[in-house]
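Undergrad: Got a structure for you, written out below as structure tokens; questions coming shortly.
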Amino acid sequence: MAFSSDSPNAAANGAAHAPGPEVHLTDYLAVLARRWKWIAGFTLLVPALVVTFCLVSPKKYTAKATVLMETSDVSVGTFTSELVTAGTQDLSSRAQFYTTERNLIQSRSNLKDIVTQSELWERCKLAGADPVAALDDALSVKGDATSKLSEVAVEHEDPKCAADLANAVVDNYVRGNLDDVRAKFRDDVANLAPELDKLRADLNQSLREGEEYKELHGLVNLDAPAGEDMRHLAELESAQTQAQVNRIQVEKRSEQAKRYAAEPSRVESLPDALASPVVAKLRQTYLQLKAEQADLAQRYRDRHPRMLQVKAQLDELEKRIGEEVQRVIDGLEIEHQTALEREQAIAAEVELARQATRAKSARASQAHLLSDEAAARRQLFEQVSGKVIEARIVSNIKRNNVRVVDAAEVPRDPSFPDTQLYTLLALAVGLVLGLTGAFASAALDSTVHGARELARSPIPLGEALPVAPGLTRPGGAANGDLAAASAAGFARVAALVELERSRRMPSFGGCQIVSVTGCAGGEGATTVAIGLTRAAAAAGRRVLVIDAHPGEPVLARELGVDAKAGLVEWVSGNASLQSLEQPSPIPGASVLSAGAHVGSHTLIRPDRIQAAFAAVGSTHDLIVLDLPPVTQSAFAQVLARYSDLVLLVAEADRTTQAEVDTAARELDRIEPVAARIVLNRAA
């Protein structure tokens, strides 16, 4: 059957047949609230373990000294190629130098000198078969690849020994480096002498070759610009451009005249012909005669002497105009040829001037190259000469390219274990583990926690109840706020029952029958039945609450009444309701106990149940049946089938989704009139 969803909470259960409820942030917060013990436990346990470890672990102290390394005083002349590129060392060469020096600090030869200092080593001896290896394990040298500063650190259980060993390591390195530098400078002076002589000879040769080249080509002053040649070339190029422009203009006019000459009808309209004064005067005369001819044609015939005279004059004028136009065309052709020849002549002069300028520039460039070569050799000679002088001075004084910037001091706090850091990390790890455990346990938890988990059930949610312990028992003590919330929840359940009564007429006259059952047992169905009875009686309804647990008088114990003959005897016809009904401690309600254990289905025949329920319509408004789980009792299934409404009780954080689904399928099989889920002990 399809369960009805017309309830006050139907809107909240509109997704009853959806694939699954949508997950919101509130769901994650609810998981954290339910499993706060996981989070608190891990967050406190992990730091406690770490703090314990820090307290029992042996303390170690680290002393640090800082060394400054300079590259400027390293080997003045051992590497000649470095002198040529002095001051331009790239980052990779500097990084290689610093790495080498740091390796020297941690070298076995440097550490062996420390171990041989009997007094210091006896006082600060490190455990290990090889003392040099033990000191190397306790020593660390750090620094950026291109940084002049290096940090030398020694770890020891005694803070004073850590500082003394660190200072001894850097002092021995600085002292050994000074001896090496002085020896290098002495070798450099001897090695650079032949190189200096060769550089002097090369410099003299370069100076001599430069002077000879300038004398050969007459280059007195290389710095004076070739201004006259450049100005002359610029003037020729400007004249060439102007000649080219003139030639193009005349060429266009000449081509236009040739096109007009090919069409006699257009030749007289040639712009150059129209601009000719002779042609203009002849055309004016021609037009006057044409006007006179038109005037005479009105008075005489074509053969009239005067008409013949005017016609002869017009023919003569046309001939003269044609001759003048031809002279204009011939003149344009001559002008074009002249412009072309002028352009070619100027172009030849420009090319000659360019060749001369290039030749002079080439000779000047060669002279500059010789001069630059001499200057470079002079600079190199002066540089090497200065290095030789410096090497001679330094080889006789105590000058070092490394020095101690900060000596190691006795550390006050241990470097291991770092209790504060480890505790903070432990707090973070514990929190992560707690959150992970909380969400993992929530993912494995199949119980229902609220209305969202019940959205997939075919039975709509009727109410979620925050039940207070002891509230259902008469005189039971309970927290005030929780008791009020529970009472309000039961009032809403009673309102739900009343709404169902208004929607459907009760099956047995004026008495409405409501069954309260659980999914698997222990969900608090009896508590809900008692709470519904109290709320309905408080609303003025005549209520009969019936214990439907034959052989197990749960309701009787909760209400404190006698568990004598009751429901089984009534529906079997062995006794009347009036003789079995007992007063209840709930005002306005009476109670009927379960009676004898049902051992035969003959005692729960449907016709007898129908007859018994039909007989109470005049004395009661509502019968509340406290049933065992429908999945476990055939007696409960029969009673539920004849109920106007079945309330299926699930307990939050206890009842699983599978149990809810099984009970829903069982109810669907027995087909009650209507069914709702009540979520007990909801947060």
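Undergrad: Give the total of Lys-Lys pairs in the stretch 290-420 with Cα-Cα distances below 25 Å; include a pair only if its members are 8 or more places apart or on different chains.
TA: Here the count comes out as 4.
Undergrad: Sticking with this one: What are the semi-axes of the equivalent ellipsoid for the stretch 522-566, taken as the square roots of 5 times the Cα gyration tensor eigenvalues, largest first, in whole Å?
TA: For the stretch 522-566, the semi-axes come out at 19, 13, 8 Å.
Undergrad: Per the Kirkwood treatment, what hydrodynamic radius in Å, one decimal, follows for the stretch 264-377 from the mean inverse distance over all distinct Cα pairs?
TA: Hydrodynamic radius (Kirkwood, Cα only) of the stretch 264-377 equals 19.9 Å.
Undergrad: How far apart, in nm, are the 7 Å Cα→Cβ label points at Val56 and Leu308?
TA: In this crude spin-label approximation the distance works out to 15.5 nm.
Undergrad: Please report, in Å, the Rg and the Dmax of the stretch 87-166, where both are computed over Cα atoms only.
TA: Answer for the stretch 87-166, Rg first and Dmax second: 14.8, 48 Å.
Undergrad: For Ser107 and Asp413, what does the FRET efficiency come to when R0 = 22 Å and r is the distance between their Cβ atoms, rounded to the nearest 0.05?
TA: 0.15
Undergrad: How much length would be gained if the chain were fully extended between Ala440 and Gln256, taking 0.36 nm per residue of separation minus their Cα-Cα distance, in nm to one decimal?
TA: Full extension of this stretch gives 56.5 nm more.
Undergrad: For the ranges 580-592, 137-149, what's the packing order if you count other beta-carbon atoms within 10 Å of each residue, average per peptide, and put the highest first?
TA: 580-592, 137-149
Undergrad: Taking Cα centroids, how far is the stretch 95-163 from the stretch 311-381 in Å?
TA: 84 Å
Undergrad: Rolling a 1.4 Å sphere over the protein heavy atoms, what is the accessible area per residue of the stretch 486-623, to the nearest Å²?
TA: 38 Å²
Undergrad: If I compute solvent accessible area with a 1.4 Å probe over the protein chains, what percent of it on the stretch 528-590 is carbon and sulfur?
TA: The value for the stretch 528-590 is 50 percent carbon and sulfur by accessible area.
Undergrad: Sticking with this structure for a sec: Taking loop as defined by DSSP and a crowding limit of 15 other beta carbons within 10 Å, which trypsin sites (Lys or Arg not before Pro) in the stretch 499-576 fit?
TA: Here the sparse-neighbourhood loop sites are Arg504, Lys564.
Undergrad: Rank-order 350-360, 201-211 by packing density, defined as the average count of other C-beta atoms within 10 Å over each peptide's residues, highest first.
TA: Order by mean packing, descending: 201-211, 350-360.
Undergrad: Taking the Cα centre as origin and putting +1 on Lys and Arg beta-carbons and -1 on Asp and Glu beta-carbons, what dipole magnitude results for the stretch 497-583, to the nearest 20 debye?
TA: With Lys and Arg at +1 and Asp and Glu at -1, about 380 debye.
Undergrad: While we're here: Determine, for each peptide in 490-497, 420-427, the mean count of other beta carbons within 10 angstrom over its residues, then list the peptides with the highest first.
TA: 490-497, 420-427
Undergrad: Set the Förster distance to 51 Å, then compute FRET efficiency between Ser238 and Glu316 from the Cβ-Cβ distance, nearest 0.05.
TA: E(calc), rounded to 0.05, equals 0.55.
Undergrad: Ranked by accessible surface with a 1.4 Å probe, highest first, in what order do Arg665, Arg377 come?
TA: Arg665, Arg377
Undergrad: Between Gln344 and Gln205, how high is the FRET efficiency from 1/(1 + (r/R0)^6) when r is the Cβ-Cβ distance and R₀ = 45 Å? Nearest 0.05.
TA: Efficiency, rounded to the nearest 0.05: 0.35.
Undergrad: In addition: Pull out the extension gain between Asp137 and Ala596, defined as 0.36 nm times the separation in residues minus the alpha carbon to alpha carbon distance; nm, one decimal.
TA: 156.6 nm
The values are calculated or read from the model by the stated rules, or taken from the named source; none is laboratory data. If you're wondering where the values come from, they're calculated on a predicted model, not measured in any experiment. For neighbour counting, all protein chains shown are included, and Cβ atoms are generated from backbone atoms with ideal geometry for every residue, glycine included. For the accessible areas, the whole protein counts, side chains as well, though only heavy atoms, and no ligand, DNA or RNA atoms are used. Shrake-Rupley method; radii C 1.70, N 1.55, O 1.52, S 1.80 Å.
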